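The values are calculated or read from the model by the stated rules, or taken from the named source; none is laboratory data. Owing to the predicted nature of the structure, the values given are computational and were not obtained by experimental measurement. Here the Cβ positions follow ideal geometry from the backbone for every residue, glycine too, while neighbour counts run over all protein chains shown. Side chains are part of the model used for accessible areas, which takes the heavy atoms of the whole protein and leaves out ligands, DNA and RNA. Shrake-Rupley method; radii C 1.70, N 1.55, O 1.52, S 1.80 Å.
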Amino acid sequence: MEFGPHLMLATLEGAVTAAVLALTAAGLSLVFGVMRVVNIAHGEFFMLGAVLAWGVTQAVAGPWGYALALLVAPLLAGALAVAADVTILKRLSYDPERTIVATIGLLYILQQLTLMTYGPEARPVVAPFDARIALPWVEHGAEGWRLTWPWGLGTTVWKLTVIGAAVAVLAALWLFMARTRAGLVMRATQADREMATAFGVPVERVYALTFGLGAALAALAAVLIVPIQQAHYLMGADPLLLSFIVVIIGGLGSLPGTLVAAVLIGLSDGIISVFFSPTLAKILATLLVALVLVFRPQGLFGKRAA
Amino acid sequence: MLRIEGLRAGYGAAEVLHGVSLTVAPGEILCLMGRNGAGKTTLLRAVMGLLRPMGGAVWLGEMRLDARPAHRVAGQGLGYVPQGRRLFAGLSVAENLQIGLMAGGGKARRDEVLDLFPRLRDRLGQRAETLSGGEQQMLALARALCLGPGALLLDEPTEGLQPSMITAIRQVVADQRARGVAVLLVEQRIDAVLPVADRVAFLENGHLAEVMSAGALRADRGRANRYLGV
Ligand SMILES: Nc1ncnc2c1ncn2[C@@H]1O[C@H](COP(=O)(O)OP(=O)(O)OP(=O)(O)O)[C@@H](O)[C@H]1O
Ligand SMILES: [Mg+2]
């Protein structure tokens, strides 16, 4: 394949990574922004999303099973996160350091429980449709510009759907934060927890909702990607690492920054993986984090701490 | 009527307020004065429930406030204007007011409040932290008024403002008094207190040292120096 079409394929792979990463990192960023909790267990909620999707599609076969998984997996993961918030984080008064230790514990509990019940195998989840489409390319020939259909230039409809779904969910998340009463209350809590309390905001309930929403976003991202990736009890590590990279680059707690950084890291990950190697992609992303931490510790979009 | 009875509060094991009792009647401005670190802010925070009292009680009318969860205090009609304004940064002026409205008032209340602060009406879409210092203080006051308070707690609302702003804020506070709101106003400077106060209370190391009428203080300004150390 020529360079142009090859680059287009790599970009598409990168866009899928970016879409899923943006969803996952948005959850991590939201939790950190509003609650100041660094959720080390975030990747496990991603893993639970994939495992639950497998469970649901086993119980209900066909596209309807998958549609059900899209709904059930985020809801269950979110409910579990709410329970963890109320029983663990709240008791630690959301202390930034102690909650790190607590979520590390939560990470191992979720991982081991999954190993004990679901087992060590990687299991596939079938996409609700498996159509492929060929992609066009523009070429300059004797008779001017024309569309061609290079052999091998194509993708699955599912990958395009994943990108579209992630964009839609992120747009909905933005609308929720910017336009609804609950979103307003969350932003006020993020800005000044004590003043929010002084104006009647039930901060603990807001925290529970935020933690649940963050986990649900990770779980949803996993349901979207699991037809491409398979469900495995250790699959939470990569999304956790990448989410942290994205959240640090974008600026802790800044949602727009998180999204821009997810696109940046996702696309470059896809492109570098295709042309060079996935390891190089990870090395460069980690290097970028180091550079950001040295030269712009507040992140590309974060505000400098007062 | 805001009634504070033997209120004790502090941080961790350290008690800062050692049993303070005060009442503020509806339509009265009680000024609370005292040196830096006397415990003025601590008193207001304890009344708001932001600091769990170690003892004593707080009443607003017939409603006991100190036993409630902190987020259920404001809804009883307690408007708080904290020291340093503490607006919700990143939220617009309109959204800051919205948070105040959620605790009490409705759409009509919002218009009423904005009529008091025309400058805010022109800046509804602007982010709170981009306002000037005086406008920020107006917003902090407007946010508290949005919930239609029966009692208003103000912590040094004129700190660092230019005279025209101080006058404007003072006017709004006096207007609230005229509407029957009980006002507990913390101020540091005696000339900021005398034009508005009905009574003045002096706090010294967490004890209430003296409460006197504004008239008596006007006649004997030197008396205040003992508590303020100027
Ligand atoms: N968050 C806190 N943790 C521990 N101690 C505190 C805290 N806030 C205040 N204090 C202490 O409580 C005492 C009273 O402080 P407070 O802020 O109530 O004084 P203040 O009268 O409002 O002073 P100022 O005029 O400077 O505003 C001080 O000794 C202060 O050091
Ligand atoms: Mg103070």
Chain B: longest segment with zero exposed trypsin sites (Lys or Arg not before Pro), where exposed means DSSP loop plus at most 15 other C-beta atoms within 10 Å, is residues B:1-178
Tell me the GluC sites (Glu not before Pro) within the stretch A:127-234 that lie in a loop according to DSSP and have at most 13 other beta-carbon atoms within 10 Å.
A:Glu143
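Just want to confirm a number: the relative contact order over the stretch A:44-203, from Cα pairs under 8 angstrom separated by 6+ residues, in percent. Numbers along the way, then the final one.
On the way: 109 pairs, mean separation 23.3, N = 160.
Relative CO of the stretch A:44-203 lands at 15 percent.
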Rounded to the nearest 5, what is the percent of antiparallel bridges among the DSSP beta bridges in the protein assembly as shown?
65
For the stretch A:145-194, residues shielded by at least 40 square angstrom of accessible area compared with the chain on its own, probe 1.4 Å
A:Arg181, A:Leu184, A:Arg187, A:Ala188, A:Ala191, A:Asp192, A:Glu194
Just to confirm the number: angle between the C-alpha axis of helix A:157-179 and the first principal axis of chain A, 0 to 90 degrees, nearest 10?
30
Can you give me the % of accessible surface on chain B that is carbon or sulfur? Probe 1.4 Å, all protein chains present, nothing else counted.
49
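Quick one: accessible area per residue over the stretch B:2-228, 1.4 Å probe, rounded to a whole number of Å²?
Numbers: 8640 Å² over 227 residues.
Value for the stretch B:2-228: 38 Å² per residue.
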For the stretch B:2-228 the mean separation of alpha carbon contacts under 8 Å (6+ apart) over residue count, i.e. relative contact order in percent, is 29
Specify the inter-centroid distance of the stretch A:1-77 and the stretch A:239-285, based on alpha-carbon positions, in whole Å.
15
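For the stretch A:1-85, state which GluC sites (Glu not before Pro) are in a DSSP loop and have at most 11 other beta carbons lying within 10 Å of their beta carbon. Kindly include the intermediate steps, with their values, before the conclusion.
Numbers: sites: A:Glu2, A:Glu13, A:Glu44; in loops: A:Glu2.
When the GluC sites (Glu not before Pro) of the stretch A:1-85 are filtered for loop state and at most 11 Cβ neighbours within 10 Å, A:Glu2 remain.
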Shape verdict for chain A, please, from the Cα gyration tensor: rounded (a/c under 1.5), prolate (a/b greater than b/c) or oblate.
prolate
Roughly how far apart, in whole Å, are the Cα centres of the stretch B:191-230 and the stretch B:24-48?
12
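So what's the net charge close to B:Arg199: Lys and Arg +1, Asp and Glu -1, counting the other residues with Cβ under 11 Å from its Cβ?
On the way: positive: none; negative: B:Glu28, B:Asp198, B:Glu210.
That sum, taken over residues with Cβ under 11 Å, equals -3.
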If you scale each eigenvalue of the Cα gyration tensor by 5 and take the root, what three semi-axes come out for chain B, rounded to whole angstrom and sorted largest first?
27, 21, 16
Choice from A:Thr161, A:Thr11, A:Thr114 showing the highest fluctuation, given a GNM over chain A with Cα pairs closer than 10 Å
A:Thr161
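About its Cα centre, how strong a charge dipole does the stretch B:56-147 have in debye, to the nearest 20, once Lys and Arg get +1 and Asp and Glu get -1 at the Cβ? Walk me through the numbers before you get to the answer.
On the way: 13 positive and 9 negative charges, 30 e Å.
Here the stretch B:56-147 has a charge dipole of around 140 debye.
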Would you work out which of B:Pro163, A:Gln111, B:Leu131 lies farthest towards the positive end of the dipole of the protein assembly as shown? Charges go on Cβ: Lys and Arg +1, Asp and Glu -1.
B:Pro163
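In the neighborhood of A:Ser243, defined by Cβ-to-Cβ distances under 15 Å, what is the net charge if each Lys or Arg adds +1 and each Asp or Glu adds -1? The partial results should precede the final answer.
Details: positive: A:Lys282; negative: A:Glu44, A:Asp238, A:Asp269.
So the environment of A:Ser243 carries a net charge of -2.
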How far apart, in nanometres, would the label points at B:Thr167 and A:Leu284 be if each is projected 7 angstrom from Cα along the Cα-to-Cβ direction?
6.4
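Dipole magnitude of the protein assembly as shown about its Cα centre, charges +1 at Lys/Arg Cβ and -1 at Asp/Glu Cβ only, in debye to the nearest 20?
Working: 45 positive and 37 negative charges, 225 e Å.
Here the protein assembly as shown has a charge dipole of around 1080 debye.
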Helix axis angle, B:163-178 relative to chain B longest principal axis, alpha carbon, degrees
80
Lys and Arg at +1, Asp and Glu at -1: neighbours of B:Ala74 with Cβ under 11 Å from its Cβ sum to +3
With heavy atoms of protein chains only and a 1.4 Å probe, what residues of the stretch A:197-229 have at least 50 Å² less accessible area in the full set of chains than alone?
A:Thr197, A:Ala198, A:Phe199
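Can you tell me the dipole magnitude for the stretch A:121-162 around its Cα centre, using point charges on the Cβ only (Lys, Arg +1; Asp, Glu -1), in Debye to the nearest 20?
Values: 4 positive and 4 negative charges, 21 e Å.
The dipole magnitude comes to about 100 debye.
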Which shape class, rounded, prolate or oblate, goes with the stretch A:1-127 when its Cα gyration tensor gives a ≥ b ≥ c as root eigenvalues, a/c under 1.5 marks rounded, and past that a/b bigger than b/c marks prolate?
oblate
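Nearest 5 is fine: what % of DSSP beta bridges in the stretch B:2-228 come out antiparallel, could you say?
Working: 22 of 39 bridges.
In the stretch B:2-228, approximately 55 percent of DSSP beta bridges are antiparallel ones.
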Exposed-loop-free span, longest in chain A, where chymotrypsin sites (Phe, Trp or Tyr not before Pro) count as exposed if DSSP calls them loop and at most 13 other C-beta atoms lie within 10 Å
A:1-128
Probe of 1.4 angstrom, ligands and nucleic acids ignored: what's the accessible area per residue over chain A, in square angstrom?
47
Taking placed amide H atoms and a strict 5 Å upper bound, the residues 5 or more places from B:Cys146 or on another chain that come that close are none
Contact surface B-A: accessible area buried, both sides summed, square angstrom, 1.4 angstrom probe:
1800
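What does the convex hull of the Cα atoms come to per residue for the protein assembly as shown, in Å³? Write out the running numbers ahead of the final one.
On the way: hull volume 103.7 nm³, N = 536.
It comes to 193 Å³ per residue, whole-number rounded.
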Note the angle between two axes, namely the Cα long axis of helix A:3-35 and the longest principal axis of the Cα atoms of chain A, as a number of degrees from 0 to 90, rounded to the nearest 10.
10
Selection from B:Ile99, B:Gly61, B:Leu120, by position along the positive dipole direction of the stretch B:2-228 (Cβ):
B:Ile99
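Would the stretch A:196-306 count as rounded, prolate or oblate if I go by the C-alpha gyration tensor, calling it rounded below 1.5 in a/c and otherwise prolate when a/b exceeds b/c, oblate otherwise? Could you put the intermediate results ahead of the total?
Numbers: a/c = 2.89, a/b = 1.32, b/c = 2.20.
Oblate is the answer for the stretch A:196-306, as a/c is 1.5 or above yet b/c matches or exceeds a/b.
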Over the stretch B:57-126, what is the relative contact order in percent, taking alpha-carbon pairs closer than 8 angstrom and at least six residues apart?
25
Name the long-range amide H neighbours of B:Glu204: under 5 Å, sequence gap of 5 or more, or other chain; modelled H, no Pro or chain starts.
B:Ala209
